[in-house]
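The values are calculated or read from the model by the stated rules, or taken from the named source; none is laboratory data. Since the structure is predicted, the reported quantities are computational estimates derived from the model, not experimental observations. As a convention, Cβ positions derive from the backbone with ideal geometry for all residues, glycine included, and neighbour counts pool all protein chains shown. Quick note on the areas: whole protein, heavy atoms, side chains included, nothing else; ligands and nucleic acids left out. Shrake-Rupley method; radii C 1.70, N 1.55, O 1.52, S 1.80 Å.
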Amino acid sequence: ASMPGSSFGEIAIKHMGNTLKLPGDRVFENWTVSILNDVNFEVRNGLEAHMSEIAGTSDSRGSTTLDYMVDRAFVEQLDKADNVLARYEFFNMYPQSVAPITLDYEQGEAIETYDAVFSFSHWERVV
């Protein structure tokens, strides 16, 4: 697992033969998470329902408000004793994509996993 990163664009200003580099807009990278699938598909069902609310699969009709389309989310980093080391709040977050689940015998006894990519406007560390 990993926490999403952020970076600054760069603004280069030429002045008397020198280049002054200044920070530009802050960009928050999309966040990819790997999910362990359970037998009831609870997380996947929730992600698919959220995506269908944004835009349906048969007619592309979706929510006309931002109430369900984008939301806030919290992610906590824990230590071995389940104590919170860091807590992040994500704003205007939505599932951008949900990867397929591989259904072949090559997986053997492996636990079923898939990736989901989340997009958001920004995050703030709250703890």
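Couple of notes before you dig in:
- Hey, residue 124 more than 19 Å from residue 2 (Cβ to Cβ) and open to solvent by 70 Å² or more (accessible area, probe 1.4 Å) or not: no
- Residue 60 being part of a strand (DSSP E or B) and of a type outside the set (A, V, I, L, M, F, W, C): no
- For the range 68-127, a tally of residues being of a type in the set (A, V, I, L, M), in a loop (DSSP other than H, G, I, E, B), under 18 Å from residue 46 (Cα atoms) and in contact (Cβ under 8 Å) with a residue 24 or more places away in the chain returns 2.
- Hits in the range 23-35 (condition: of a type in the set (A, V, I, L, M) and surrounded by 12 or more Cβ atoms within 10 Å (Cβ to Cβ)): 33, 35
- The listed residues are 63, 52, and the only one of them that is open to solvent by less than 90 Å² (accessible area, probe 1.4 Å), within 29 Å of residue 102 (Cα to Cα) and either of a type outside the set (D, E, K, R) or touching a helix residue (DSSP H, G or I) at 6+ places or on another chain (Cβ under 7 Å) (or both) turns out to be 52.
- Once the range 13-44 is narrowed to residues that are outside any strand (DSSP E or B), of a type outside the set (D, E, K, R) and under 29 Å from residue 124 (Cβ atoms), the residue that is nearest to the chain's Cα centre (by Cα) is 30.
- For the range 1-12, residues that are more than 17 Å from the chain's Cα centre (by Cα) and either under 29 Å from residue 100 (Cα atoms) or open to solvent by less than 70 Å² (accessible area, probe 1.4 Å) (or both) total 2.
- Checked against (1) out of contact with any helix residue (DSSP H, G or I) (no Cβ under 8 Å at 6 or more places or on another chain); (2) assigned to a strand (DSSP E or B); (3) closer than 17 Å to residue 99 by Cβ; (4) of a type in the set (A, V, I, L, M), residue 47 passes all but a single condition, namely (2).
- Checking each residue in the range 45-62 for being hydroxyl-bearing (Ser, Thr, Tyr) and within 20 Å of the chain's Cα centre (by Cα) picks out only 52.
- Which listed residue, of 79, 115, 38, 71, is surrounded by 10 or more Cβ atoms within 10 Å (Cβ to Cβ) and within 19 Å of residue 2 (Cα to Cα): 115
- Scope the range 1-12; condition over 20 Å from residue 92 (Cα atoms) and not in a strand (DSSP E or B); matching residues: 1
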